[in-house]
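Since the structure comes first, as structure tokens, the remarks are kept for the end.
Any read-out appearing in this document is the output of simple, stated calculations on the displayed coordinates, not a laboratory observation. If you're wondering where the values come from, they're calculated on a predicted model, not measured in any experiment. In this analysis, Cβ positions are derived from the backbone assuming ideal geometry, glycine residues included, and neighbour counts consider all displayed protein chains.
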Amino acid sequence: MTTQKEITANLDAIIVPNTTRSIVKANLLRDIKVANGKVSLKLSSAALSPGPQEWLTDRIKESVGDMPKVKSVEVAFTDEKPKDINEIGNIIAVMSGKGGVGKSLVSALTAIALRRQGHEVGILDADITGPSIPKMFGITARPGGSDTGLLPVSSDTGIQLMSVNLLLPNQDDAVIWRGPLIGKAITQFWEETLWGKLDYLIVDLPPGTADAPLTVLQTLPVSGIIIVFTPQDLTAMVVRKAVDMAKQMKKNIVGVVENMSYLYVPEIDKKIELFGKSRGEEMAKAAGAPLLGTLPIDPELAVLCDEGEIERYDTKSFTDFAGLTLKTLSKS
């Protein structure tokens with residue numbers, strides 16, 4: 001007799017329309033009953049319009065119906081919203097006290113490191129007025145969905161992405177919104193996107209300590225914060241403000257990352273500290289958290305970001321950062 005476990009494994013091969021994720025990974029499967037050769041399945045209709053629901057019904061009946069000793073297959077959909085069925089293990093917010101320090105870059109690299117280890121990962125781009133995540137991943141496709149929710153767009157390696165830039169008529173359009181509208185958009189991306197089952201959701205925060213970061217830290221069950229900075233004196237001062245905010249919000253700082261720490265010149269085999277002496281250990285001490293990495297200014301990385309190919313990045317500095325980050329997140 002066909003078991004629930006076997007049926008679930010079968011459904012894990014059926015991809016939800018307009019996504020690259022299966023019914024199981026999208027967490028749409030809500031219930032399975034097997035009795036006397038009759039299989040009854042309940043799926044959530046979250047973010048699915050009638051067309052995809054019909055398509056899934058046909059594929060499920062065809063696939064499960066061919067399994068041993070299955071006589072009939074019944075599929076029903078329940079009315080639910082994404083926030084009712086999303087299962088996210090860890091939410092990591094990437095934060096900086098000021099703009100231009102590479103916060104989005106660190107968000108992307110963190111997600112890539114986790115994905116390469118086989119984790120299910122998503123990125124919520126909460127930088128509503130300055131979104132850059134889709135560009136780095138080379139994504140221009142608009143999210144699918146229905147009146148009950150949005151379907152995230154998948155990167156080449158399967159990282160799930162949601163950004164306001166994917167919803168604009170033109171990616172160069174400016175988002176000229178006041179704080180309350182920005183906060184509402186972030187909340188909608190959290191509650192109305194079908195993230196499904198994720199091990200990690202990386203939230204790319206806008207710079208500063210005002211409305212948008214406050215919305216994320218108050219609304220989302222953030223399990224940890226990574227703080228990004230560069231070596232300049234001014235940046236170090238502003239970073240301390242971000243550290244103070246995290247502590248006041250009682251959020252765990254899991255690590256700090258120094259970006260643009262140096263420029264390596266291979267012709268002379270020398271590291272040049274363009275922005276001054278590294279402050280990595282100093283900032284780690286101030287945050288009471290480990291230093292996850294000192295990332296260089298890397299022309300190769302800049303080119304890959306411009307070309308939408310950041311997932312191809314693979315250098316020793318990234319490998320070192322990935323190793324420390326994975327080790328730290330596994331303990332948090």
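Using only alpha-carbon positions in segment 104-197, the gyration tensor eigenvalues give semi-axes of 21, 15, 13 Å once each is multiplied by 5 and square-rooted (largest first).
In order along segment 90-95, the phi-based Karplus estimate (6.51 cos²θ - 1.76 cosθ + 1.60, θ = phi - 60°) of 3J(HN,Hα) comes to 9, 10, 10, 8, 9, 10 Hz; Gly and Pro are listed as x. Sorted ascending by nearby beta carbons within 10 Å, beginning with the fewest, Val164, Val303, Val73, Val239 become Val303, Val73, Val164, Val239.
Multiplying the residue separation of Asn170 and Glu62 by 0.36 nm and removing their Cα-Cα distance gives an extension gain of 34.9 nm. Excluding residues fewer than 8 places away in the same chain, name every one of the lysines whose C-alpha is closer than 19 Å to that of Lys69. In chain and number order, the partners are Lys5, Lys33, Lys38, Lys61. Please name whichever of Gln53, Thr78, Ile32 sits farthest to the positive end of the charge dipole of segment 4-80, dipole taken about the Cα centre and charges placed at Cβ: Lys and Arg +1, Asp and Glu -1. Farthest towards the positive pole: Ile32. For the Cα trace of segment 195-282, dividing Rg by the Kirkwood Rh returns an Rg/Rh value of 1.07. Each of Asp320 and Leu181 was given a label point 7 Å from its Cα along the Cα-to-Cβ line. The distance between the two points is 4.5 nm.
Provide the gained length on full extension for the span Thr78 to Lys33, in nm with one decimal, where the gain is 0.36 nm per separating residue minus the Cα-Cα distance.
On the way: separation 45, 0.36 × 45 = 16.20 nm, distance 1.51 nm.
14.7 nm is the gain from fully extending Thr78 to Lys33.
By the Kirkwood approach, averaging reciprocal distances over each pair of separate Cα atoms, segment 54-177 gets a hydrodynamic radius of 17.3 Å. For Lys251, the lysines whose Cα comes closer than 27 Å to its Cα, not counting residues fewer than 8 places off in the same chain, are Lys83, Lys98, Lys103, Lys184, Lys197, Lys241, Lys285, Lys327, Lys331. The charge dipole of segment 4-80, taken about its Cα centre with unit charges on the Cβ atoms of Lys, Arg (+1), Asp and Glu (-1) only, comes to about 240 debye. Extension gain for Asn252-Lys5 works out to 85.2 nm (0.36 nm per residue, less the C-alpha to C-alpha distance). Each Lys and Arg contributes +1 and each Asp and Glu -1, all at the Cβ; summed about the Cα centre of the chain, the dipole is approximately 1040 debye. Here the chain carries DSSP beta bridges of which approximately 30% are antiparallel, counting only pairs with both residues inside. When the chain is treated as a Gaussian network with alpha carbon springs shorter than 10 Å, the biggest mean-square fluctuation among Ile227, Ile268, Ile60 belongs to Ile268. Residue-normalised convex hull volume from the C-alpha trace of segment 4-80: 77 Å³ per residue.
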